[in-house]
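> One structure, as structure tokens, below. Some questions next.
The values are calculated or read from the model by the stated rules, or taken from the named source; none is laboratory data. Quick caveat: nothing in here was measured; it's all calculated off a predicted structure. Here Cβ is always computed from backbone atoms with ideal geometry, including for glycine, and neighbour counts include all displayed protein chains. Ligands, DNA and RNA are excluded from the accessible area calculation, which covers all protein heavy atoms including side chains. Shrake-Rupley method; radii C 1.70, N 1.55, O 1.52, S 1.80 Å.
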Amino acid sequence: MFDGLPKLEEIGYDFKKKELLLEALTHRSYSVEKGFSYDNQRLEFLGDAVIQIIITDYLFARYPAHDEGLLTKMRSALNQQSTLANFAKNISLGNFLKLGKGESKAKGNDRNSTLCDAFEALVGAIYLDGGIEPARNFIVPLIDDLYPSPESLLQIANPKGFLQELTQKKWNSKPIYKIDEVSGPEHQKTFVVSVTVNEIQVGTGAASSRKAAESLAAEAALKNIGLVQSPLPDPKTENI
């Protein structure tokens, strides 16, 4: 019954109750197909809450100078679907999921939503089997390994918002976006957008929509912003 389950070295935790691990890895599609009375959805519900408290505690201790607003945004970034899916991929969790034939054919074991749910279920199972400390010892090393600087997730998730917060905090100035060029046929346009702060160009981006181009320009600005001294140089000086 427990053949093919991950071993201690693969997930970093050795279950005393193997049935909890089996439940965590059982997707609803497999359960329905086999007529089982369980799947991983209840453990997913529990694991979500456990992950929240562990990440909250982790950020609270690591960033004593950060206010509630920033800590909340960082927690959301570390607890979003894509992040949890990356944790699952890091431990090859998809290789051990029990999926129904249709879900397996559709490569559900590589889908972010499925991996995120399975990771939450696994955390819930670890919590039930061993308590909060084993769950913490499972999650925190994954954060440190994949996201050693959790602040960077804010840039990835919302580069425009992060850039605006940064420039307002450092220079009391908002970024301004401008369309520099629009090219290509009507059905396949390319927008080139630049972003300036205090009339200093700090980044550019090109994409098939204005919104995407602005996001890329903000990403470029965040990479370049370290080249700008505080306060910003005189607007007449050369763009970075």
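> Looking only at region 120-131, decide whether some residue is on the phi < 0 side of the Ramachandran plot, free of Cβ contacts under 8 Å to residues at least 12 places away in the same chain and either open to solvent by 30 Å² or more (accessible area, probe 1.4 Å) or assigned to a helix (DSSP H, G or I) (or both).
no
> Of the residues that sit in region 21-58 and are among the hydrophobic types (A, V, I, L, M, F, W, C) and touching a Leu at 6+ places or on another chain (Cβ under 6 Å), which one is farthest from Ser92 (Cα to Cα)?
Across region 21-58, the extreme among qualifying residues is Ile55.
> Sticking with this one: Take the residues of region 141-172 that are among the hydrophobic types (A, V, I, L, M, F, W, C) and open to solvent by 30 Å² or more (accessible area, probe 1.4 Å): which is farthest from Thr72 (Cα to Cα)?
Leu146
> Search region 16-25 for residues being over 24 Å from Thr83 (Cα atoms) and not in a helix (DSSP H, G or I), and hand back the single one that is least open to solvent (accessible area, probe 1.4 Å).
Lys17
> If I ask for residues that are buried (at least 16 other Cβ atoms within 10 Å of the Cβ) and of a type in the set (A, V, I, L, M), which ones from region 26-56 would you list?
Answer for region 26-56, where residues must be buried (at least 16 other Cβ atoms within 10 Å of the Cβ) and of a type in the set (A, V, I, L, M): Leu43, Leu46, Val50, Ile51, Ile54, Ile55.
> From the set of residues in region 182-205 that are in a strand (DSSP E or B) and free of Cβ contacts under 8 Å to residues at least 12 places away in the same chain, which is surrounded by the fewest Cβ atoms within 10 Å (Cβ to Cβ)?
Among them, the one singled out is Ser183.
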